[in-house]
1. Filter the range 205-224 down to the residues that are among the aliphatic types (A, V, I, L, M) and within 20 Å of Ile239 (Cβ to Cβ), then identify the one that is most open to solvent (accessible area, probe 1.4 Å).
2. How about the range 463-517: which helices (runs of 4 or more DSSP H) wholly inside it have at least 3 residues that are acidic (Asp, Glu) and either within 24 Å of Lys441 (Cβ to Cβ) or open to solvent by 30 Å² or more (accessible area, probe 1.4 Å) (or both)?
3. Name the residue, out of Ala218, Ala157, Ala198, that is aliphatic (A, V, I, L, M), free of Cβ contacts under 8 Å to residues at least 24 places away in the same chain and closer than 29 Å to Met317 by Cα.
4. Only one residue in Thr528, Thr507 is touching a helix residue (DSSP H, G or I) at 6+ places or on another chain (Cβ under 9 Å) and touching a residue at least 40 places away in the same chain (Cβ under 8 Å), so which one is that?
5. For the range 691-704, what are the residues that are more than 35 Å from the chain's Cα centre (by Cα) and either under 18 Å from Leu721 (Cβ atoms) or open to solvent by 70 Å² or more (accessible area, probe 1.4 Å) (or both)?
6. Show the residue pairs meeting these rules: Cβ distance below 7 Å; 6+ apart or different chains; first residue within the range 236-258 and under 16 Å from His192 (Cα atoms); second residue at pLDDT 80 or above and open to solvent by 50 Å² or more (accessible area, probe 1.4 Å).
7. Among the residues of the range 209-228, are any within 30 Å of Val276 (Cβ to Cβ), among the hydroxyl-bearing types (Ser, Thr, Tyr) and more than 36 Å from the chain's Cα centre (by Cα)?
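The values are calculated or read from the model by the stated rules, or taken from the named source; none is laboratory data. Since we're looking at a predicted model, the values are computed, not measured. Because the Cβ atoms are built from the backbone with ideal geometry, glycine has one as well, and the counts that use them run over all protein chains shown. Only protein heavy atoms, including side chains, enter the accessible area calculation; ligands, DNA and RNA are left aside. Shrake-Rupley method; radii C 1.70, N 1.55, O 1.52, S 1.80 Å.
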Amino acid sequence: MGNESCTINMLIQKILDEDKQYDMSKIISAYEFADAAHEGQKRSSGEPYIVHPVSVSFILLELGMDTDTICAAMLHDVVEDTDATLEDIQKKFGQDVAMLVDGVTKLSKAPIFNQDEQLAENVRKILLAMSQDIRVMLIKLCDRLHNMRTLGFRPGAKQRKAALETMNIYAPIAHRLGIKSIKDELEDLAFHYLDPYAYSEIEHILEIKKDEREKFIASIKQKISDRFSGMDFEKTPQIDGRVKSIYGIYKKIYIDRKSIEEVYDKYAVRIIVSSVLECYNVLGIIHDMFTPIPNRFKDYISTPKANMYQSLHTTVMGREGITFEVQIRTWDMHYTAEYGIAAHWKYKEGIRSRDKMEEKLSWIRQVLEAQQAADDVEEIVRIIKTDLSTEEIVVFTPKADSFTLPKDSTIIDFAYRVHTQIGHRMTGAKVDGKIVPLDYKLNTGDIIEIMTTKDESRGPNRAWLEIAKTNEAKSKIRSWFKKECREENIRQGKEELEKEFKHYRMTVPEEDIEDFLGDDLKRHNCSTLDDFYAAIGYGGVMLPKMMQRLKDSYDKLYAKPEDNEEDIVPTQTLSDKNDSGVIFEKTFNDMQVRYSHCCNPLPGDDIVGYITRGRGISVHKKTCANYIMAMEGDDEEKKERWKRVEWSKEPKSEFRAVIDILAIDSTGLLLTVAGTVAESKLPIFNSSSRRLKNGNAEIKLTVSVTGKEQLNILIGKIQKLHNVISVTKLEGGNK
């Protein structure tokens, strides 16, 4: 893209150099309006603030955007950061410019939102606006790109926060819109701040091999050009060389655990021709000239990516023994690959068919619908991070219909992508003719047949929420439970909330509960307490995420000063023989030892000790919310009371743990589970079971174990039993 910052004169010259017609006077008026509104404001770099909107406008100009988009970019911060209003902009520059500025403007800070929720609400607002006009997101992406280019002037904590937002939200959206140039640069810039060491290492490797690389690519280009000379092409093919982005190489090396020599596509040659027929003819020529690497050919022309990308990719090896990728595409495909949705403005004077545009942007509606089904505004960030992943697979139905899904998607994700009712009525699946479990991870090229039932009362299983990868599938599953099982959802949600309250030692009077949860009802758009319970029950509200905040509110309203310090069960007194199973610093050897009930530590867990007032030392997991909150707080005296402890080689012989088993209800289920525990020679102290309305059964067992390792072995054995869906450890053991 262009420079980090630019001036109005550079922008004017760029407009004059373009073939397209622009309303120069309107753009200059927008500049003068913004310059006056931002007068006296400075950026972190010390530059006048107006440099930023001018630079954003310049990037949009490079994408080929129209006059109104350039004007809106120039004005995109005036409503948020100055006294100017939307009415002022509408009067001077028209409805379209005002609408674009409003779409990009952040929501004012809402008192019920925390920082993450505020970010999610702003993203949701932008998605709503871009569903009406995609130019809103193009302005926002270019705004973020310039901010990332100049991020070095910001404090370290803000650099990392902006980099995470960029990697999790803006880069995936740029990818789905097909704007590769922006996507690659956003990822590289974010990666630079998130892992500067790895970034520098890859940059260094590329730099020391720069001359060698340039010579190699030049020689390959020359060989291909020589072979093409004299051949019958509609127009002489263009041959370009490129190197994979730094973040792209990082993903291959650090995430896929490959050496840089194994990154076959770090070098690439791109060949641009005039027609699809020429693409396939060139593929044959390349395979004749070089040795193709098996299983490294991808045809994105017959099966385009979800972001409209089309090209032939093949990896080959030259006589030098160096592998490289060859990409073959037409000019139209090339424009779409580089500019994505913006190609319609750069090369086609905007979108003339509204239906065609809506089809290309249907994923925006799906994201918004999935977030609404979850009743959780933060879900929108998780959806963008997973469902718009840059890592994708292409799979097929037996009738050869193709579907693009995020990497690691399962049978459940595929079924719901094909059709909601196919997902709801699914009973099993075959991949390439073989029956596979529902958690089977799909691979590119898989042919999938979904088996369904005609029973209209059949619905999904709650355990599918844990298996599904895409939020599209999860939202459809939640919607089914929301609609079909309200009474069960209310009961289950109330039970889950009471269990969490008990876990955090919270006792809220029945008459106060609705007021106590008032802000959370608003956050999740729940009109009544039953709506909130139901949302918990079908998975729309994630309790663990909100409990620490509720605990803080509870402590202010109800808790006594001593309540927060202890949630413990007494054990024997510690002696020099360490018969409690915990080793402390020598000065605490005569203190009483207690195991905290709030996190239920077992031998094998990383632990810390807390010196209580008059009741010895309580042992907590290092992952305990109480410990983490104390370490992040400002109370230095309380921090001093946390001490280093560790398990002895011969820990206390008995720890009680509660496990929760979800299974398909069947004859002899409880007997089979109890038999598995008995085979492990572990005593059962308590058990309970109940049948759920969806046909499943839930079993809770309290067992005695010697530590975390023994418990995990038991959980693994139960998990393998026929009809068992999931096994989880609950807090609250060590009795």
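1. Per the criteria, the residue is Ala218.
2. Here the list reads 486-503.
3. Among Ala218, Ala157, Ala198, only Ala218 is aliphatic (A, V, I, L, M), free of Cβ contacts under 8 Å to residues at least 24 places away in the same chain and closer than 29 Å to Met317 by Cα.
4. Step by step, each of Thr528, Thr507 is checked, and only Thr507 is touching a helix residue (DSSP H, G or I) at 6+ places or on another chain (Cβ under 9 Å) and touching a residue at least 40 places away in the same chain (Cβ under 8 Å).
5. Answer for the range 691-704, where residues must be more than 35 Å from the chain's Cα centre (by Cα) and either under 18 Å from Leu721 (Cβ atoms) or open to solvent by 70 Å² or more (accessible area, probe 1.4 Å) (or both): just Val703.
6. Ile246/Glu203
7. Yes.
For (1) open to solvent by less than 50 Å² (accessible area, probe 1.4 Å); (2) polar (S, T, N, Q); (3) more than 17 Å from Asp133 (Cα to Cα); (4) at pLDDT 90 or above, each residue gets a yes or a no:
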{"position": "Ser25", "(1), (2), (3), (4)": "no, yes, yes, yes"}
{"position": "Ser29", "(1), (2), (3), (4)": "yes, yes, yes, yes"}
{"position": "Asp35", "(1), (2), (3), (4)": "no, no, yes, yes"}
{"position": "Arg43", "(1), (2), (3), (4)": "yes, no, yes, no"}
{"position": "Gly46", "(1), (2), (3), (4)": "yes, no, yes, no"}
{"position": "Ile50", "(1), (2), (3), (4)": "yes, no, yes, yes"}
{"position": "Val54", "(1), (2), (3), (4)": "yes, no, yes, yes"}
{"position": "Asp66", "(1), (2), (3), (4)": "yes, no, no, no"}
{"position": "Ala73", "(1), (2), (3), (4)": "yes, no, no, yes"}
